[in-house]
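Encoded as structure tokens, the structure appears first; notes follow it.
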Number of protein chains: 2
Amino acid sequence: MTGTGTEEKSNLADIAYVQLKRDITEGVFRPGDKLLMSALRERYDIGAGPMREALSRLVAERLVTAASQRGFRVATMSIDELRDIYFARAQLEALITELAVQKGGDSWEAGIIAAAHTLSRVTEIHAPEEMLTLWDSRHKAFHLAIASGCGSPKLLELRETMLDQAERYRQLWLREMVFSSEALERKREEHRVLVDKLLSGKSTEARQEMFEHMMNPIPIITEILCQRGIR
Amino acid sequence: MTGTGTEEKSNLADIAYVQLKRDITEGVFRPGDKLLMSALRERYDIGAGPMREALSRLVAERLVTAASQRGFRVATMSIDELRDIYFARAQLEALITELAVQKGGDSWEAGIIAAAHTLSRVTEIHAPEEMLTLWDSRHKAFHLAIASGCGSPKLLELRETMLDQAERYRQLWLREMVFSSEALERKREEHRVLVDKLLSGKSTEARQEMFEHMMNPIPIITEILCQRGIR
DNA sequence: TTTTATAAAAATGTAGATATTTTTATAAAA
DNA sequence: TTTTATAAAAATATCTACATTTTTATAAAA
């Protein structure tokens, strides 16, 4: 065997699951779209069995809805759902942050500082789309560095499921954000303040700061949704 | 059409999902057991396709683990996982409780008082097994009445997933609890205190009370797991 | 023992059969 | 004409049976 030892064999259902999930969050399939079996089978070059497996998993993750004998649809989006997802996510992230600060630890702090630095180095030297993906992945890494200090795998798992559910809304926000220097600068400042609170050890304040940071995108996303006629 | 209007047709995968989930939480299939395709197909009288669908959903819910080309197993149990699940669940339930108290509302309060009363009326007049199921369902209803006041469907959804994951551990605790008059009385008292805090409107205190209430079962369950040689 | 070869068991996938829903066409009633 | 109801046709979802691939168990050879 070559490679790293983390070789994970995967079956067709796994592959289709990953691809369809990406296609949904990237908007190839739009909210409410019917996910026609024949179309999916053609697109992912796969039989109906594995395809249904992939769909079932996405139903469990709330990205797809199923109606028995009537097939599958991309889960719809709405402003109500945006608010609920972002609120729940902010509460959860704030809780996790408070726990992480209380637990502290040198390597946790070091991880945050490193991630914050890496993030701050993403500037306009990159091509637009490249810049977007890079900022996004480093921003995610930054927040994960903070959350990972909470010490509870299950809480991190819950956090991950909320992240998945927020992803389609987040992508809308991301494009507004990354292509506006002022917005980027504002975020940079927010992150500075956040890191200060985290390292100060004041867990309650850090919690509050994180909550607000997580709620900030809601108005911008609401705006975009309205423009697209989603209510 | 007859019936209530909530007629939900379901396909074979749905049926197998519900039955297998029950069989796992009730211990028909034990932690770590191989879930042999041929055995499952025979038991639920179903083809491999729908069976795999049901299994996939349970994998997403963490009750089953999958290894590609090597089939499925019942997720193992451990004291570490017990601690993590109960901690995460307690934190989440405490958070939800705090929000519910802040949001308040007359019908929310009324719902709690009603549920508490109904629960307190489950006494030894029932046959043992009947008593167990009755107390369990009313206890769940009581806690749901509290949580439902938080106003966030997504937080309630997260709560539900944690409940599912805790269920196998909870069942162990339930038998110890329900068949001991002292333990039952202690719980009754805990609930009284909890309701007091909830209705007093002191959200921070209510939160703390709920956290402790949720953490209480851990030592008892740890004991039982040790007796069964699970570490 | 360790390795290699072989056979049995099991998981996974496809194709086609079956059942259900949706659409379309047609006719009756308003 | 417009609406409503009905029936046939098409599209679609679902399921099973069988074929293929992979893993595991067993035994022979080094």
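The values are calculated or read from the model by the stated rules, or taken from the named source; none is laboratory data. Predicted model only: the values in this text are computed from it and were never measured. Note that we place each Cβ from the backbone using ideal geometry, even for glycine, and neighbour counts take in every protein chain shown. To get the accessible areas, we keep the full protein, side chains included, count just its heavy atoms, and leave off ligands, DNA and RNA. Shrake-Rupley method; radii C 1.70, N 1.55, O 1.52, S 1.80 Å.
Students often get this wrong, so check it: of A:Lys154/B:Lys197; A:Lys154/A:Lys202; A:Lys140/B:Lys34, which have C-alpha atoms separated by over 26 Å? Could you put the intermediate results ahead of the total?
Details: A:Lys154/B:Lys197 28 Å; A:Lys154/A:Lys202 24 Å; A:Lys140/B:Lys34 37 Å.
Violating the 26 Å limit, Cα to Cα: A:Lys154/B:Lys197; A:Lys140/B:Lys34.
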Against the longest principal axis of chain A, how steep is helix A:203-215, in degrees 0 to 90 to the nearest 10, with axes from Cα atoms?
40 degrees
Place a point 7 Å from the Cα of A:Glu189 in the direction of its beta carbon; the residues of region A:211-229 whose amide N falls under 15 Å from it are A:213
Rolling a 1.4 Å sphere over the protein heavy atoms, what is the accessible area per residue of region A:107-231, to the nearest Å²?
49 Å²
If you average the alpha carbon positions of region A:132-150 and of region A:35-94, how far apart do those two centres end up, in angstrom?
25 Å
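Can you give the mean number of other chain Cβ atoms that lie within 10 Å of the Cβ atoms in peptide A:153-159? Working shown, then result.
Working: counts 5, 15, 7, 2, 6, 8, 1.
If you average over the peptide's residues, the count of other-chain Cβ atoms is 6.
Let me check I've understood the local charge: for B:Gly151, count other residues with C-beta under 10 angstrom from its C-beta, Lys and Arg +1, Asp and Glu -1. What total comes out? Display every interim value, and only then the final one.
Details: positive: B:Lys103; negative: A:Asp84.
After counting each charged neighbour, the total is 0.
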Chymotrypsin sites (Phe, Trp or Tyr not before Pro) restricted to region A:147-229 and DSSP loop, no more than 15 other C-beta within 10 Å
A:Phe179
Contact order normalised by residue count of chain B, Cα under 8 Å, 6+ apart, percent
26 percent
Loop-located trypsin sites (Lys or Arg not before Pro) in region B:185-216, at most 15 other Cβ atoms within 10 Å (DSSP)
B:Lys202
Checked region A:79-227 with the C-alpha gyration tensor, a ≥ b ≥ c its square-rooted eigenvalues, rounded below a/c of 1.5, otherwise prolate if a/b is larger than b/c and oblate if not; verdict oblate
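Need one word for the protein assembly as shown: rounded, prolate or oblate. Basis is the Cα gyration tensor (sqrt eigenvalues a ≥ b ≥ c); a/c below 1.5 gives rounded, then a/b vs b/c decides. Spell out each step's value before the answer.
On the way: a/c = 1.58, a/b = 1.16, b/c = 1.37.
Oblate, since a/c reaches 1.5 and b/c is not below a/b.
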Length gained when the stretch B:Met37-B:Gln171 is fully extended (0.36 nm per residue, less Cα-Cα span)
45.6 nm
Can you give the angle from 0 to 90° between the axis of helix A:106-120 and the longest principal axis of chain A, with both taken from C-alpha atoms, to the nearest 10?
70 degrees
What is the gain in length, in nm to one decimal, between A:Glu223 and A:Ala141 on full extension, counting 0.36 nm per residue of separation less the C-alpha to C-alpha distance?
26.8 nm
Return one number: the angle in degrees, 0 to 90 and rounded to the nearest 10, between the long axis of the Cα atoms of helix B:12-25 and the longest principal axis of the Cα atoms of chain B.
60 degrees
